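Worksheet: the structure to be examined is printed underneath.
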Amino acid sequence: MLRRREPVVPPVEAEQEEEEEEPALPPVMRRRERRIPEPAEEFSEAQDSADELTMEDKARAMIHRVYKRPPIDLFKIYKQDPNGAHENHEERSRIIERTLSEFNIDAKVVNCVQGPTVSRYELMMPAGIPVKRVPNHADDVAMRLESENGVRVEAPIPGKNLVGIEVPNKVKQMVGLRDIIEDPAFQKDKPGALTFALGKNIVGQAVCDNLAKGPHYLVAGSTGMGKSVCLNTMIISLITKYSPEELRLIMVDPKQVEFNIYNHLPHLMIDEIITEPQKAIATLTWAIDEMEKRYTQFKENEVRDIDEYNSFIASDTVPKMPKIVIIVDEVSDLMMYNKRDLEAKILSLSQKARAAGIHLVLATQRPSVDVITGVIKTNLPSRIAFRVLSAADSMTILSEGGAEKLLGNGDMLYRNASMAKCDRIQGAFIDTAEVKNIVNYIKENNEAYFNDEAAKSIEESVRPPVVATEDDEEGDDPQEDKLFVEAVKFAVLNNVASISMFQRRFKIGYGRAGGLVDSMERMGYVSPFQGSKAREVLITREQFEEKYGKIDE
């Protein structure tokens, strides 16, 4: 039994009796004014004017602010095709039995379940016939059924003494996100959970997952198969259910087009969608530092994880510690930029961050082994796979085949850390207009407080050092990096200039090494960043010696 104890928090200076200037907001959080004011009832009088609030009032107001959730009317209802209920299951069952009997497999279809996208025919196998023989004849069954997209075999069905053959429906039904939001599976509250919507399984049941138990996710599939919609349904369902006090998001979008709709969302940790690879890696560095700070707070307050902290330490004067979800839309761009550093940071976060309430969701449309490496696969136990081009790609994502036989349009294979085998799900759908309406409602009806300390830390990590040049005005005293000349000399002698190389050679951190490379690029010493292609060293030895002096080898 844990007892409530006085939390260990930094002391707050007492108010001075004399009138002083209005205190600024706490340095950690910066408020962004909403367009339609909705002050919390308990502090409505105090919040009529920011001038009347002391720092303590503002901190307490953040704790007690009522989160105005988007109403269900903003979610669309998608009409279903009435012809979808009339699949000819009896005829299909006879074809399956007859086809297998031609190969001396006298299996009998004993049940059929119909989902939104596929129907599963459940077969009782005769004694003495190995179940592994059925998958060997999947193509024969697909041919006899005239199935354009083939069939998928589950041998056996988890938890049953049966083999399943999944056949695409002639008429496919759309699963709207509203169907999942209104389902009891999503509505029920679990302490410490981060429930998000996935879709409906093969028996038509709503499927949700707890991201806090994931605790980290890999989402992959070919272009246009449903990955981006899946990320949107995950984000929208999370921000519908949880307030900014409970959940903060960090979004990384190297393509610069997927997440811009979420700009200025109150749930963002910083008021920015990260688009630059260098800043994305710096953000992961900040997340590692935040993780360590949280563990220090847990130790000081004698709790084990974020849920215990929020249950026993958070109070009317001590705000809750929000959970943080970092979503990267295209991890392959970051892997091309700095694979080794990215893997090291993912490894650190995935191994330790769960108890601190920090979770990763990494997505890619390039499910190849150079992107989904062993480090990523091992440490992101929960997987969502959409249709891919080959069984090899499916193996890369799931460590098993099957994703190459999916239908597209949100048809997915899903497995979390507690599941032995994948579950087939038709992903929930939400269109762009819905996303805009929901996000705009949240922004217009809720104030946003962003973490300026986090933003400052990330900016400082990627800020290049200022290097003195001949063009500097007399009297200027720029903050010159003492290693700059040595780094340029190293690049000239070795014909290479990369962040990882400077980190190893000079035993410095990522931010400083990146600053050196950026300064060289700005001065024309190296070529610009070109994805996976190495930078070209443009300054010659003669030019270096003319500017900086002779090189002593």
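Structure values in brief
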| quantity | calculated |
| --- | --- |
| Restricting the stretch 510-527 to residues that are in a loop (DSSP other than H, G, I, E, B) and in contact with a strand residue (DSSP E or B) (Cβ under 9 Å, 6 or more places away or on another chain), the residue that is modelled with the lowest pLDDT | SER527 |
| Residues being surrounded by 18 or more Cβ atoms within 10 Å (Cβ to Cβ) and either farther than 27 Å from VAL388 by Cβ or touching a residue at least 40 places away in the same chain (Cβ under 8 Å) (or both) - total across the stretch 115-142 | 11 |
| Residue list for the stretch 528-553, restricted to those being closer than 27 Å to VAL371 by Cα, at pLDDT below 85 and in a loop (DSSP other than H, G, I, E, B) | PRO528, PHE529, GLY531, SER532, ALA534 |
| Subset tally (residues that are touching a residue at least 60 places away in the same chain (Cβ under 8 Å) and either in the same structural domain as ARG152 (by TED's automatic domain parsing) or over 18 Å from SER382 (Cβ atoms) (or both)) for the stretch 181-204 | 7 |
| Those residues of the stretch 420-430 which are modelled with pLDDT under 95 and assigned to a loop (DSSP other than H, G, I, E, B), in sequence order | ALA420, LYS421, CYS422 |
| Subset of the stretch 370-386 [surrounded by 13 or more Cβ atoms within 10 Å (Cβ to Cβ) and more than 25 Å from GLY410 (Cβ to Cβ)] | THR373, VAL375, ASN379 |
| Selection within the stretch 100-114 - surrounded by 15 or more Cβ atoms within 10 Å (Cβ to Cβ) and in a loop (DSSP other than H, G, I, E, B) | ILE105, ALA107 |
| Qualifying positions in the stretch 220-254 - farther than 12 Å from ALA363 by Cα, in a loop (DSSP other than H, G, I, E, B) and not small (Gly, Ala, Ser) | MET225, TYR242, PRO244, GLU245, GLU246 |
| Residue match in the stretch 127-138 (condition: part of a strand (DSSP E or B) and on the phi < 0 side of the Ramachandran plot) | no |
| Residue match in the stretch 387-399 (condition: in contact with a strand residue (DSSP E or B) (Cβ under 6 Å, 6 or more places away or on another chain), of a type outside the set (A, V, I, L, M, F, W, C) and surrounded by 22 or more Cβ atoms within 10 Å (Cβ to Cβ)) | no |
| Candidate set: the stretch 289-316, residues that are part of a loop (DSSP other than H, G, I, E, B) and within 29 Å of ILE458 (Cβ to Cβ); chosen: the one nearest to the chain's Cα centre (by Cα) | ASP305 |
| Tabulated pairs, the stretch 292-321, first touching a residue at least 40 places away in the same chain (Cβ under 8 Å) and within 17 Å of SER243 (Cα to Cα), second surrounded by fewer than 15 Cβ atoms within 10 Å (Cβ to Cβ) and of a type outside the set (Ser, Thr, Tyr), C-beta under 7 angstrom, 6+ apart or interchain | ASP307/PRO191; VAL318/VAL9 |
| Test: residue in the stretch 399-412 that is over 16 Å from LEU360 (Cα atoms), of a type in the set (Ser, Thr, Tyr) and either without any contact (Cβ under 8 Å) to a residue 40 or more places away in the chain or touching a Leu at 6+ places or on another chain (Cβ under 8 Å) (or both) | yes |
| Residue list for the stretch 143-164, restricted to those being in contact (Cβ under 8 Å) with a residue 24 or more places away in the chain and either in the same structural domain as VAL435 (by TED's automatic domain parsing) or outside any strand (DSSP E or B) (or both) | ARG144, LEU145, ASN149, GLY150, VAL151, ALA155, PRO156, ILE157, PRO158, LYS160, ASN161, LEU162 |
| Meets criteria (free of Cβ contacts under 8 Å to residues at least 12 places away in the same chain, within 18 Å of the chain's Cα centre (by Cα) and over 22 Å from TRP286 (Cβ atoms)) for VAL257 | yes |
| Unmet criterion (only one of (1) buried (at least 20 other Cβ atoms within 10 Å of the Cβ); (2) out of contact with any Ser or Thr (no Cβ under 9 Å at 6 or more places or on another chain)) for VAL252 | (2) |
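Conditions (1) at pLDDT below 85; (2) buried (at least 16 other Cβ atoms within 10 Å of the Cβ); (3) part of a helix (DSSP H, G or I); (4) among the basic types (Lys, Arg), marked per residue:
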| site | (1), (2), (3), (4) |
| --- | --- |
| LYS443 | no, yes, yes, yes |
| GLY475 | yes, no, no, no |
| GLN479 | yes, no, no, no |
| VAL488 | no, yes, yes, no |
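The values are calculated or read from the model by the stated rules, or taken from the named source; none is laboratory data. Note that the structure is a prediction, hence the values are computed from the model and not measured. Cβ coordinates were reconstructed from backbone atoms using ideal geometry, including for glycine residues, and neighbour counts include every protein chain displayed.
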